[in-house]
Amino acid sequence: MLSDFSLKFQAEEQPERPLWRAIQSTEILHFVRSLLLAYDVIGVQKKRGRLVLDSLQDAADLVLEFPPAVHSPKKFLFPHWDQLFRFKLDENILLEAETAAPPRIIFGMHPCDLHAVKILDDCLFEGETDSSYRAKREATLLIGVDCTPDEFCFCTSLGTDRIAEGFDLFLHKRDGHYLIQTGSERGRKLLQDHAPETYDGPEESPLPLQVKQCDNKIKFPFESLPNLLEDAYDDKIWQELGHRCLGCGSCTLLCPTCYCFNVQDKLEISMQEGQRIRTWDSCQFDQFAQVANGNNFRSSQADRQRHRFFRKYKYLWEKHQRTACVGCGRCRRECLSEIEPVTVLNQMFADSPQPAETRPGSEYQPQMAQIIDVEQLSEKDRLFRLRLPQSIDFTPGSFMQISVFGLGEAPFSIASAPDGGNEIELMVRKAGTLTQALHRSRKGDSIGLRGPFGSGYPLASMHGKDLLLVAGGRGLLAIRSLLQAALADRHNFGRITLLCGARDIEALVFPEDLLDWHRSELLDCRIAVKDPDNSWGIPSLDISYLFKDLDIDPQRTIAAVSGPPEMYRQVNPLLFRMGLAEENLYLNLERHMKCGLGKCGKCQINNIYVCECGPIFPYSAIKHLGEAIER
């Protein structure tokens, strides 16, 4: 259980809505120079030919892009040698408290090290708060910076390659400059006081949390680690590791989350005064678990290796629901015996009995897709072409859930035709925080995708028929997928007519496609906008006017209508008066879909779930549902 102080500390750190500002390298230099006047600024710098984390004397020495091999910032919050208090041995023993911690900034912490501080907070604020750690933690501000994993990192397996909280400021590298994000009120004030021009600059859209690429991976969900170890207490692997381990303690001393220590007195040469100090210790040392009578309850190196793994991946998980490992790879980089946690854990998992059932929550976990192209359709609309790890099978009218880690997920109609490949197109209109973050994504970035979901247009049953496609505004998204599929198989369809309407030219999605279709001989494309001053010179018309002089054969025509409900109430009666059968009219009933699995109830219309049974429905199947069209 966390102490009252810890809860108060965490509550005070909760920021208002984060600020996002652009900041150039020269502005960062001025920022650091200003900070040096008020704080002890810790940063990575080059000394004697190697990169070290130490107090900065000159802002120009700060290195922001550095490999993960640099030692962790743990020593500035939990020093390897820490004076707890001084004492004097006169007639009355005098105790002198340690002086207050100086105000300090650690500038340039990788996401894994920020996660490590959260683990130290969990452990050292628990129960009786460690006051020495508390003093340094309160006096220290944390400024993060993005990183690139190396061959030893496995942070992606533990979700510590990215972070949405637990920092005061964070620097994201983007397109030759940085975006700085506030993560606390202290960070906001720091930016305001020491980089006022940046603080007062224009608001930038938030970036999605990018999942990084690591070749070194745990090949199973890390949430399974406690149960895996529970069944492996007597596994032979501990003896194998014990024979290899030298007991040097490098793995724990370099670990950003290990905090085992010893307390001892150090007398001055006068023998009349001294200090009580805390020094780092290691559970891998042979005398760490030795008690007064000489008994050592963890006497073998095999026992000590087992304790290390259990403490990292089981004991603290059961207390705090997070592993005490952040996947930084420092233990493996420095291990003379080349003991690799990932290899050990994967071997244990491979040797363990595997349950037949799927892991909980797997249906909500997205797969990662790469952005291979971004096209600016308008000021607010962008078309993203995505490549998935494997081929995708869907019908026109289906949708996907896009994940922006840290902001959530949202549904988007697939705008391209199914072709049996592994690439799709999704159009994103910039509106809220999530879509703004997507608009910040660039070619080569990765985003999460779930799906495809829903029941689309019955393409095969439309073969041999005339198609009448009616789209209002963004309703063209689903229609585009159907139209592209029909045009790709043009000989299997009769006449194809597209009627598209919007309030103005800017509201037309895929304007270049519309112009190409209008000029094409493969279909009859008609466009209407209500704005009389439009740049295309189109007469100011409502979409219903496009039905004038429209010649269709109702016996061989299938209509697909996609747009707002008020358009349906206007268009559907026109189609029925033209003789179209109810079962040959398909409507797109997109609603606010969340889970995509027909469970959450967000998209429920009367007794049906749109995400499961739709979003494409024949009119005959939903005409009795009052919530479908009437409201």
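Overview of results
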read-out: Distance in nm between pseudo-label sites at Lys623 and Gln367 (7 Å out along the Cβ direction from Cα); value: 4.0
read-out: Cα-based Lys pair tally, region 21-132, threshold under 24 Å, eight or more apart or on separate chains; value: 6
read-out: Excluding exposed DSSP-loop GluC sites (Glu not before Pro) (at most 14 other C-beta within 10 Å), longest clean stretch of the chain; value: 380-520
read-out: With DNA, RNA and ligands ignored, accessible area of Lys602 (1.4 Å probe; Å², nearest 10); value: 120
read-out: The chain, accessible area per residue, ligands and nucleic acids excluded (1.4 Å, Å²); value: 47
read-out: Centroid-to-centroid separation of region 204-278 and region 407-436 [C-alpha atoms, Å]; value: 41
read-out: Cβ charges +1 (Lys, Arg) and -1 (Asp, Glu), total dipole of region 238-388, debye; value: 140
read-out: Between region 100-133 and region 559-574, the alpha-carbon center distance in angstrom; value: 59
read-out: Surface accessible to a 1.4 Å probe, Phe76 within the full protein complex, Å²; value: 20
read-out: Region 410-447: trypsin sites (Lys or Arg not before Pro) in DSSP loop, at most 13 other beta carbons within 10 Å; value: Arg442, Lys443
read-out: Segment Thr343-Ala100, extension gain: residue separation times 0.36 nm, minus the distance between their alpha carbons; value: 83.1 nm
read-out: Added length on full extension, which subtracts the Cα-Cα distance from 0.36 nm per residue, Arg244 to Lys212; value: 8.3 nm
read-out: Magnitude of the charge dipole, region 368-453, Cβ model with Lys/Arg +1 and Asp/Glu -1, debye to 20; value: 320
read-out: All lysines inside 25 Å of Lys623 as judged from Cα atoms, apart from same-chain residues fewer than 8 positions distant; value: Lys465, Lys594, Lys599, Lys602
read-out: Accessible-area value, Cys603, 1.4 Å probe, nucleic acids and ligands omitted, Å²; value: 0
read-out: Positive-end residue, region 459-622 charge dipole about Cα centroid, Cβ charges, pick of Leu546, Pro564, Leu487; value: Pro564
read-out: Accessible surface of region 125-261 [probe 1.4 Å, protein heavy atoms]: carbon and sulfur percent; value: 47
read-out: 5 Å binning of all Cα-Cα separations within region 222-358, expressed as whole percents from 0 upward; value: 2, 9, 16, 20, 19, 13, 8, 5, 4, 2, 1, 0, 0, 0
read-out: Extreme residue, positive dipole direction of the chain, given options His177, Gln210, Leu254 (C-beta unit charges); value: Leu254
read-out: Dipole of the chain [Lys/Arg +1, Asp/Glu -1 at C-beta], most positive-end residue of Ser25, Gly432, Leu523; value: Leu523
read-out: Rounded FRET efficiency, nearest 0.05, which uses the C-beta distance separating Asp351 from His80 and R0 of 45 Å; value: 0.75
read-out: Accessible area in the full protein assembly, largest first, 1.4 Å probe, for Thr497, Thr26; value: Thr26, Thr497
read-out: Accessible area in the full protein assembly, largest first, 1.4 Å probe, for Lys465, Lys599; value: Lys599, Lys465
read-out: Nearest-20 debye value, the chain charge dipole, Cβ charges on Lys, Arg, Asp, Glu; value: 400
read-out: Gained length - Ile538 relative to Thr279, 0.36 nm times residue gap less alpha-carbon distance; value: 85.3 nm
read-out: Relative contact order %, the chain, counting alpha carbon pairs below 8 Å whose residues are six or more apart; value: 10
read-out: Coordinate range along principal axes, alpha carbons of region 368-453, Å, largest first; value: 31, 27, 24
read-out: Percent accessible area from carbon and sulfur atoms, region 511-599, protein chains only, probe 1.4 Å; value: 48
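The values are calculated or read from the model by the stated rules, or taken from the named source; none is laboratory data. Just so it is clear, the structure is predicted and the values come from calculations on it, not from any experiment. Note that we place each Cβ from the backbone using ideal geometry, even for glycine, and neighbour counts take in every protein chain shown. Accessible surface is based on the protein model in full, side chains and every heavy atom, while ligands, DNA and RNA are left aside. Shrake-Rupley method; radii C 1.70, N 1.55, O 1.52, S 1.80 Å.
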